[in-house]
Each structure stands twice: as structure tokens, then as C-alpha cells.
Amino acid sequence: QVQLVESGGGLVQPGGSLRLSCAASGIIFSAYAMGWYRQAPGKQRELVATFTNGGRTTYADSAKGRFTISRDNAKNTMYLQMNSLKPEDTAVYYCEASSQFYDYWGQGTQVTVSS
């Protein structure tokens, strides 16, 4: 059974930092491209950052310079370090594992940026 479990969300003040984690089980983690997405209330889910199994990273313009995606294949875990957080970063953050044939999602973790 495949599971992706996000953690690390919470309430943070503007300008603060959070580190999200996505722990995967039931898949050959190193074979999957991994990604972080987010969905704010009333908006569509959007890409935040991706990390391919080949080691390439991509970021949404809103995340560039503030967020860093990383992965530890030995721990089957992906991370998203978020710095200089803004109120508009408030959303549920989801992790995704994708391959040529399969696509899995976690249940999400809430990030709220507010003073």
C-alpha cells in the first residue's frame, strides 16, 4: 500500500520559516519524481516545486528564492524548506510522487501565515 504522509505545517508569522516533510512508503522512492503542490481556499491546486528522480529541480515563480525542495532517498523523504513566508503562501500543501505509470498524493498539511 502506497502512502505519502506530509508533516510540518502550522501557523507562522509573516517572514517566518517552516520545513515540510513528505514521508513515502510502498514505492521505490528513488524511481519517482516528487513534487510539492498547494491549494488555497477557492483556488486551484498549483505547483510549488518539483524534484525529479534525475536530480533536477523546478520552482514556481512564487517560490523561487524563498523555498528549497530536497529529497533523501535513503530515508524515502522529501522536504520543502520555506523561508520568508507571506500571507499568500497560506494553503494546504500536498506532496506528489509520480512515475510513467503511477501518480500518488498525500493528504496534505495546512500552512497558515498570519500575524
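The values are calculated or read from the model by the stated rules, or taken from the named source; none is laboratory data. If you're wondering where the values come from, they're calculated on a predicted model, not measured in any experiment. In this analysis, Cβ positions are derived from the backbone assuming ideal geometry, glycine residues included, and neighbour counts consider all displayed protein chains. Side chains are part of the model used for accessible areas, which takes the heavy atoms of the whole protein and leaves out ligands, DNA and RNA. Shrake-Rupley method; radii C 1.70, N 1.55, O 1.52, S 1.80 Å.
Can you work out the Karplus-derived ³J(HN,Hα) for every residue in region 54-65? Use 6.51 cos²θ - 1.76 cosθ + 1.60 with θ = phi - 60°, whole Hz, and x for glycine or proline.
With coefficients 6.51, -1.76 and 1.60, one gets x, x, 8, 10, 9, 9, 5, 4, 5, 9, 4, x Hz.
Starting from the Cα of Ser98, step 7 Å along the direction of its Cβ; do the same at Ser115; then give the gap between the two resulting points in nm.
Rounded to a tenth, the inter-label distance reads 3.7 nm.
If you take every DSSP beta bridge whose two residues both sit in the chain, what share of them, in percent to the nearest 5, is antiparallel?
Around 95 percent of the beta bridges assigned by DSSP in the chain are antiparallel ones.
Output the relative contact order of the chain, whole-number percent, from Cα pairs under 8 angstrom with separation of 6+ residues.
Result for the chain is 36 percent.
Give me the compactness ratio for region 1-106, meaning the Cα radius of gyration over 2.2 N^0.38 Å.
Ratio of Rg to 2.2 N^0.38 Å for region 1-106: 1.02.
Under a cut-off of 19 Å between alpha-carbon atoms, report the aspartates and glutamates in cross-link reach of Lys43, not counting same-chain residues fewer than 8 places apart.
Asp61, Glu88, Asp89, Glu96
Please find, in a Gaussian network model of the chain (springs between Cα atoms separated by less than 10 Å), the residue of Ala97, Ala24, Ala40 whose mean-square fluctuation is greatest.
Ala40
Place a +1 charge on the Cβ of each Lys and Arg in the chain and a -1 charge on the Cβ of each Asp and Glu, then give the dipole magnitude about the Cα centre in debye, rounded to the nearest 20.
Here the size comes out at about 180 debye.
Can you sort Leu11, Leu4 by 1.4 Å-probe accessible area, starting with the largest?
Ranked from most to least accessible, the order is Leu11, Leu4.
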